Amino acid sequence: MGASAVPVIAIDGPAASGKGTVAARVARALGFHLLDSGALYRLVALQAIRRGVPLDDAEALAGLARDLDVCFVAQRVELDGADATMAIRDEAVSEGASRVAVHPAVRAALLERQRAFRQPPGLVADGRDMGTVVFPDAGTKVFVTATPEARASRRQVQLAGRGVHADLRALLDEIRARDERDAGRAVAPLRPAGDAIVLDTTALTIEQATACVLDRYAQRAG
Ligand code: DC
C-alpha cells in the first residue's frame, strides 16, 4: 500500500481542548498508529533549553529538529536514548514549544519526520496543522475545541492529579497567550482546515468526543 493510500485521521485544535486524549482513544479503538506532533515541538524546545540554544535562533533550532534522536515507545518518548516523557510536559518546555513552532525552518525540518508516521493500517495525527499542512489529503479532519474557561479548568484538574496546585486565572491567561501565538503566527497558524468538522467539547465527555470522531471516520470510510 502506498503511503497516500493509508488512511489518516487529522485531529487539530488548541491547547487543553482534549484532542490528545481523544486522538489516543481513537487510535486505540481502530488499532491505528498515533502521531503526537506537539511532542516533536516540545522535544526541540527541550533540546534547545538543554543545549543553551536561544529560542529565536531559527537556523540553530532547525538543526536541532533535523538531528533529534527520538524514539516513541508505547506511551513514552526517549530523547538521545533517555526517557523524556515527563520533561517535555514541563511548563517551561510548553512555553518553549510554542516559541520554536513559529519558525518556518523548524516546521520544515519536522515535516518528513511527521509524514513517516503514515504506516498501515492507519494513522491518527494530533496537532495544530495536521489537516492543513502535514496531511492535507487526510480523509477525516476534525478540529477539536472548547471554551478557554473549560480548557483552563481541565488543565487545573490534570495538574491537581499530579499534585500541582495551579491558579485558574493564571492558567486562563497562559492558555489565551498560547492560543494567540499559535493562531497568529505566519506559517501554519492554528485554524480548522476548510474540510474539517469542528467539534466543540465544552459540554462533552471524552467518551462522547471520541465517539463523534469514530462516527465521522466510519462515515468517510463507508
Ligand atoms: O499539542 P501540544 O500542546 O503538545 O503542542 C505544543 C506546542 O507545539 C504548541 O504550543 C504549538 C506547537 N505545535 C505546532 O505548532 N504544530 C503542531 N502540529 C503541534 C504543536
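The values are calculated or read from the model by the stated rules, or taken from the named source; none is laboratory data. Worth saying up front: this structure is predicted, and the values here are computed from it rather than measured. Cβ atoms come from the backbone with ideal geometry, glycine included; neighbour counts cover every protein chain shown. These area figures cover heavy atoms from the full protein model, side chains too; ligands, DNA and RNA do not enter into them. Shrake-Rupley method; radii C 1.70, N 1.55, O 1.52, S 1.80 Å.
Counting only Cβ charges, +1 for Lys and Arg and -1 for Asp and Glu, the dipole size of the chain around its Cα centre is about 340 debye.
Largest mean-square fluctuation among ARG51, ARG115, ARG128, in a Gaussian network model of the chain whose springs join Cα atoms under 10 Å apart, belongs to ARG51. Averaged per residue, the chain has 47 square angstrom of accessible surface, using a 1.4 angstrom probe with ligands and nucleic acids left out.
Largest to smallest in accessible area, the residues ASP67, ASP167 fall in the order ASP67, ASP167 (1.4 Å probe, all protein chains included). A simple packing score, the average count of other Cβ atoms within 10 Å per residue, orders the peptides 134-144, 24-34, 181-191 as 134-144, 24-34, 181-191, with the highest score first. Here the contact order of the stretch 1-76, divided by its residue count and restricted to Cα pairs under 8 Å and six or more residues apart, works out to 16 percent.
Think of the chain as a dipole: +1 on every Lys or Arg Cβ, -1 on every Asp or Glu Cβ, centred on the Cα centre; then among VAL133, ALA65, ALA48, VAL133 lies furthest on the positive end. Think of it as helices only: each DSSP H run of n ≥ 4 in the chain is worth -39500 (n - 2.57), and spread over all residues that comes to -15000 deg cm²/dmol at 222 nm. What a 1.4 Å probe finds exposed on the stretch 111-222 is 56% carbon and sulfur by accessible area, rounded to a whole percent. A dipole drawn for the chain from +1 and -1 charges on Cβ atoms has a positive end, and of ALA10, GLN156, ALA170 the residue lying farthest that way is ALA10.
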